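A quick write-up on the structure given underneath.
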Amino acid sequence: MYQFPEHLLGGYQKFMNGRFAEQQARYKTLAETGQQPKTLIVACCDSRAAPETIFDSGPGELFVVRNVANMVPPYEPDGQYHSTSAALEFAVQSLRVKDIVVMGHGRCGGIKAVLDSGAEPLSPGDFIGKWMNMLKPSAEQIAGNDMMTAAERQRAMEHVSIRNSIVNLRTFPCVQILEQRGKLQLHGAWFDISTGELWVMDPKSGDFSRPGT
Ligand SMILES: [Zn+2]
């Protein structure tokens, strides 16, 4: 028998009685004036690393694109389907966001898959395998380093995926131009699911540290 997931209906009721009731005026204004978020977040699909939750943000505050392993592909105007590039184009050119944050996270399944060279495709299409190929050159180097522990390799690769996305962001002419004009800033961040720690990437060195520490 058909059943819409009950936990979603329950959550929705709570939302209507809670957050929506409290912020009704804000939702109404947003509906009338449109969204004007100042921040684009590129995050992973992982259910444990939802940007709106982590940054405690309300409606209209964050423009979020999520994909496996928080990746931005390079600028490729080739007529193929590019969902992340489409979201990026809209955020930068239409919404004129001021900041783009690429947020990775600990225990990322996509990263684990790219480090595991023996991983079998999940389906004949092997969409994850092909998507993660973007990180293959770095992953092969890190996976082959047996002086690192598995946890160190995983963490290093999670950081690499963030830096790689930032490098690829700069292949988009609109990003490059606006960044040069000082109208757009690019940031990297990494969220540790187990402790809740947020680590922020130094834009010059690429190292991650905890803000305020
Ligand atoms: Zn992930």
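From the list Ala69, Ala91, Ala87, Ala43, which one is surrounded by 13 or more Cβ atoms within 10 Å (Cβ to Cβ), part of a strand (DSSP E or B) and small (Gly, Ala, Ser)?
Details: Ala69 fails: part of a strand (DSSP E or B); Ala91 fails: part of a strand (DSSP E or B); Ala87 fails: part of a strand (DSSP E or B).
Checking each option against the conditions leaves just Ala43.
Can you confirm whether Phe55 is within 30 Å of Gln154 (Cβ to Cβ) and within 16 Å of the ligand (Cβ to nearest atom)? The answer is no for Phe55. Return a yes/no flag: does region 93-100 have any residue that is under 18 Å from Gln176 (Cβ atoms), within 16 Å of the ligand (Cβ to nearest atom) and of a type outside the set (Asp, Glu). No, there is no match, as no residue in region 93-100 is under 18 Å from Gln176 (Cβ atoms), within 16 Å of the ligand (Cβ to nearest atom) and of a type outside the set (Asp, Glu).
Picking from residues in region 107-129 that are closer than 24 Å to Ile162 by Cβ and modelled with pLDDT under 90, the one that is surrounded by the fewest Cβ atoms within 10 Å (Cβ to Cβ) is Ser117. Of the residues making up region 109-163, just one is of a type in the set (Asp, Glu), within 16 Å of the ligand (Cβ to nearest atom) and part of a loop (DSSP other than H, G, I, E, B), namely Asp116.
For region 72-84, a residue qualifies if it is within 15 Å of Ser165 (Cα to Cα) and either part of a loop (DSSP other than H, G, I, E, B) or not small (Gly, Ala, Ser) (or both), and the qualifying residues are Val72, Pro73, Pro74, Tyr75, Glu76, His82, Thr84.
Reported count of residues in region 189-210, each being touching a residue at least 12 places away in the same chain (Cβ under 8 Å) and within 15 Å of Val101 (Cα to Cα), is 9. Comparison of Leu169, Leu135 shows that the only residue that is among the aliphatic types (A, V, I, L, M), surrounded by 16 or more Cβ atoms within 10 Å (Cβ to Cβ) and in contact with an Asp or Glu (Cβ under 9 Å, 6 or more places away or on another chain) is Leu169. When residues in region 46-66 are screened for being under 21 Å from Ser161 (Cα atoms), in a loop (DSSP other than H, G, I, E, B) and not hydrophobic (A, V, I, L, M, F, W, C), 3 of them pass.
The values are calculated or read from the model by the stated rules, or taken from the named source; none is laboratory data. Keep in mind that this is a model prediction, so the values were computed, not measured. So basically every Cβ, Gly included, is an ideal-geometry build from the backbone, and we count neighbours across all protein chains shown.
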